[in-house]
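The values are calculated or read from the model by the stated rules, or taken from the named source; none is laboratory data. What you are looking at is a predicted structure, and each value in this text was computed from that prediction instead of being measured. With ideal geometry, Cβ positions are generated from the backbone for all residues, glycine too; neighbour counts draw on all protein chains shown.
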Ligand code: ADP
Ligand code: MG
């Protein structure tokens, strides 16, 4: 959208937002714009400031400096209940003594929505999260995944402009988490609400998001589409945090080549013209089911990981242990990292 276009109202805009707790700088000056209807993810390791940033957006915390806008309105000093946001927490925070339906309808009741329309909206929300017929149960009669859906329904039913989600799938086991990732994304598309999603899980971020902001030490290192941050990491931190970091140094320039872009040549095999070829020795072989990872110590010093799909018979990989190999890649699959960061 063109700068200076007055009709353009992003769902969220942060300008120079900072927040410290005593000596600890939790959020160190963040600028960010999220468009309406986006699935936007804050991705970073534990302690990088994700939760603090989300709490600032929700209004549970006030920034030391900076400005927060929701839907084009300055809400920097607005209390949480007057902001058009809702938050889904990792521990769900459901009321244990209330039925599922009452949990979901709670926000509407507080807002004074009368019984009939309230019940209709609760039923619609139950249907959306695929929990029809379970409205009379108590939270402790549900599985973890079902509870997570109740928490989501309880937030979505209020139809906020922006939904804030802080590691909402963190308590679920891997398989359920992967299923819920797909469902959450579908629900977000259906309802069209802007999602701001916090996770430390890079795969989760890449799977679900329209755009990702990668955070480290209270700052944003890079903002981009999943393909941008994975294929074209701006910094060494991003390269290492999203996926396996293969960093090479040549003439003082640091660059990245992703494991799946590296070809491990068989002894008799020659590289295509134009490929960079580096000799080395296989130090370790790690079997990970669908693929096998080869840790190769290059003669020039660096260690690189190469990945191969397991198309061949089992055990085939082991023959490379300790053996000299050559790694090959093309220039178009390498990305120069920002200098001085
Ligand atoms: P994340 O959610 O990415 O794990 P947080 O936003 O929770 O990170 O924390 C960022 C930093 O701020 C951490 O160093 C954390 O210890 C500190 N922090 C967060 N909340 C508080 C608080 N209420 N009091 C003191 N320090 C805090
Ligand atoms: Mg957190």
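Is there any pair with a first residue in region 101-127 that is farther than 18 Å from residue 88 by Cα and a second that is in a helix (DSSP H, G or I) whose Cβ atoms are under 6 Å apart and which are 6 or more apart or on different chains, and what are they?
118/105; 118/108
Suppose we filter region 133-176 for residues that are at positive phi and crowded, with 17+ Cβ neighbours inside 10 Å; how many remain?
So the first thing to find is which residues in region 133-176 are at positive phi, and the list is 133, 159, 167.
Pick out the ones that are also crowded, with 17+ Cβ neighbours inside 10 Å and you get 167.
Residues flagged as at positive phi and crowded, with 17+ Cβ neighbours inside 10 Å within region 133-176 amount to 1.
Within region 6-22, can you find the residues that are more than 20 Å from residue 44 (Cα to Cα) and either within 8 Å of ligand 1 (Cβ to nearest atom) or modelled with pLDDT under 95 (or both)?
Residues satisfying the conditions are 6, 7, 8, 9, 22.
Being under 16 Å from residue 106 (Cβ atoms), in a loop (DSSP other than H, G, I, E, B) and without any contact (Cβ under 8 Å) to a residue 40 or more places away in the chain is the filter here, so list the residues in region 132-154 that pass it.
So in region 132-154, the residues under 16 Å from residue 106 (Cβ atoms) come out as 135-139, 147, 149-154.
With in a loop (DSSP other than H, G, I, E, B) added as a condition, the list becomes 135-138.
Those that are under 16 Å from residue 106 (Cβ atoms), in a loop (DSSP other than H, G, I, E, B) and without any contact (Cβ under 8 Å) to a residue 40 or more places away in the chain: 135, 136, 137.
Here is a yes/no grid of residues against (1) in contact with a helix residue (DSSP H, G or I) (Cβ under 9 Å, 6 or more places away or on another chain); (2) more than 16 Å from ligand 2 (Cβ to nearest atom); (3) over 25 Å from residue 70 (Cβ atoms):
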{"residue": "137", "(1), (2), (3)": "yes, yes, yes"}
{"residue": "170", "(1), (2), (3)": "yes, no, yes"}
{"residue": "177", "(1), (2), (3)": "yes, yes, yes"}
{"residue": "210", "(1), (2), (3)": "yes, yes, no"}
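Within region 155-184, restricting attention to residues that are in a helix (DSSP H, G or I) and closer than 21 Å to residue 11 by Cα, which residue is farthest from ligand 1 (Cβ to nearest atom)?
Filtering region 155-184 down to residues in a helix (DSSP H, G or I) leaves 155-156, 174-184.
Subsequent filtering for residues that are closer than 21 Å to residue 11 by Cα retains 155-156, 184.
Values: 155: 19, 156: 23, 184: 19 Å.
Applying the filter and picking the extreme gives 156.
Matching residues to (1) touching a strand residue (DSSP E or B) at 6+ places or on another chain (Cβ under 9 Å); (2) within 16 Å of ligand 1 (Cβ to nearest atom); (3) not in a helix (DSSP H, G or I):
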{"residue": "205", "(1), (2), (3)": "yes, yes, no"}
{"residue": "229", "(1), (2), (3)": "yes, no, no"}
{"residue": "233", "(1), (2), (3)": "yes, no, yes"}
{"residue": "238", "(1), (2), (3)": "yes, yes, no"}
{"residue": "255", "(1), (2), (3)": "yes, no, yes"}
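For region 207-220, name all the residues that are within 16 Å of ligand 1 (Cβ to nearest atom) and farther than 21 Å from residue 86 by Cα. Spell out the reasoning first.
Step one: filter region 207-220 for residues within 16 Å of ligand 1 (Cβ to nearest atom), giving 212-220.
Matches in region 207-220: 214, 215, 216, 217, 218, 219, 220.
Residue-wise test of (1) within 16 Å of ligand 2 (Cβ to nearest atom); (2) over 18 Å from the mean Cα position of the chain (by Cα); (3) surrounded by 15 or more Cβ atoms within 10 Å (Cβ to Cβ).
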residue: 19; (1), (2), (3): yes, yes, yes
residue: 52; (1), (2), (3): yes, no, yes
residue: 55; (1), (2), (3): yes, no, yes
residue: 65; (1), (2), (3): no, yes, no
residue: 72; (1), (2), (3): no, yes, no
residue: 88; (1), (2), (3): yes, no, yes
residue: 101; (1), (2), (3): no, yes, yes
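So which residues in region 65-79 are touching a residue at least 12 places away in the same chain (Cβ under 8 Å) and within 13 Å of residue 161 (Cα to Cα)?
Restricting attention to region 65-79, the residues satisfying the condition of being touching a residue at least 12 places away in the same chain (Cβ under 8 Å) are 65-72, 75-79.
Once the filter is applied, which keeps residues that are touching a residue at least 12 places away in the same chain (Cβ under 8 Å) and within 13 Å of residue 161 (Cα to Cα), region 65-79 yields 69, 70, 71, 72.
Within region 195-203, does at least one residue satisfy the condition of being in contact with a helix residue (DSSP H, G or I) (Cβ under 8 Å, 6 or more places away or on another chain), away from ligand 1 (no atom under 16 Å from the Cβ) and modelled with pLDDT of 90 or more?
Yes, there is a match, as at least one residue in region 195-203 is in contact with a helix residue (DSSP H, G or I) (Cβ under 8 Å, 6 or more places away or on another chain), away from ligand 1 (no atom under 16 Å from the Cβ) and modelled with pLDDT of 90 or more.
Within region 240-253, which residues are assigned to a loop (DSSP other than H, G, I, E, B) and without any contact (Cβ under 8 Å) to a residue 24 or more places away in the chain?
First, pick out the residues of region 240-253 that are assigned to a loop (DSSP other than H, G, I, E, B): 242-246, 251-252.
Result: 245, 251, 252.
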